[in-house]
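Shown next, in structure tokens, is the structure this report addresses.
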Amino acid sequence: MSESWDIVRIVDEGSLDVLVEINNQSFTHPWTRGMFLEELKQPEKSYLLAAVTTNGVIAGYCSVWSIVDHLQINSVAVCLIYRGRGVGLALLNTVVDLGGQSGAANILLEVRRSNAAARALYRRLAFRETGQRDAYYSQPAEDAVILSRSLESPNAV
């Protein structure tokens, strides 16, 4: 039986400590609580989306900016105990839907070259490699792969 996730937009500080915890589990250079607060201060361009279990537990989140004619995915992270259960897929499908509703032409993001699981998920959702940022990441130093998805692409599942 597959799990389903409610995707909600975070609009206040109440859930930020959970997002910081998930971020700390996921990244070598995690966002601070202050960085998440800055996202909340820009509701016209910044979306903090959370995948929530039926018990109200936040399983993962995605930060997205709406910039002119595209969406920029800034961060996607899933709590360790929920990885591999479709949380990332649910969040990204919501971003694709958001892009369609907002009239965005495409969605852009960067991912570590070595992050095979994330890259496979993005490929599944019709993202294509469009470039590279040399030594973009630190701890460890690594190139970023730039991915893009046209919103005219057929929806992959």
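The values are calculated or read from the model by the stated rules, or taken from the named source; none is laboratory data. Keep in mind the model is a prediction, meaning the values are calculated, not measured. No Cβ is skipped: glycine too gets one built from the backbone with ideal geometry, and neighbour counts run over all protein chains shown. To get the accessible areas, we keep the full protein, side chains included, count just its heavy atoms, and leave off ligands, DNA and RNA. Shrake-Rupley method; radii C 1.70, N 1.55, O 1.52, S 1.80 Å.
Below are the figures for this structure:
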quantity	calculated
Region 21-36 - phi-based ³J(HN,Hα) in whole Hz, Karplus 6.51/-1.76/1.60, Gly and Pro as x	4, 4, 4, 5, 6, 9, 10, 7, 10, x, 5, 8, 4, x, 5, 5
Fraction of accessible area attributable to carbon and sulfur, the chain (%, probe 1.4 Å)	52 percent
Loop GluC sites (Glu not before Pro), region 54-157, which have at most 15 other Cβ atoms in a 10 Å radius of their Cβ (DSSP)	152
Length gained when the stretch residue 12-residue 41 is fully extended (0.36 nm per residue, less Cα-Cα span)	9.5 nm
Dipole magnitude of the chain, debye to nearest 20 (Cβ charges: Lys/Arg +1, Asp/Glu -1, about Cα centre)	460 debye
Computed over the chain: relative contact order in percent, which uses C-alpha pairs under 8 Å that are six or more apart	18 percent
Cβ-based charge dipole, region 1-109, positive-most Cα from 30, 48, 10	30
Accessible area (Å², per residue) of region 1-113, counting only protein heavy atoms and a probe of 1.4 Å	50 Å²
Cβ-placed point charges (K, R +1; D, E -1), dipole of region 1-93 about Cα centre in debye, nearest 20	200 debye
CD proxy at 222 nm, helix term only [per DSSP H run n ≥ 4: -39500 (n - 2.57); per residue of the chain; nearest 500]	-8500 deg cm²/dmol
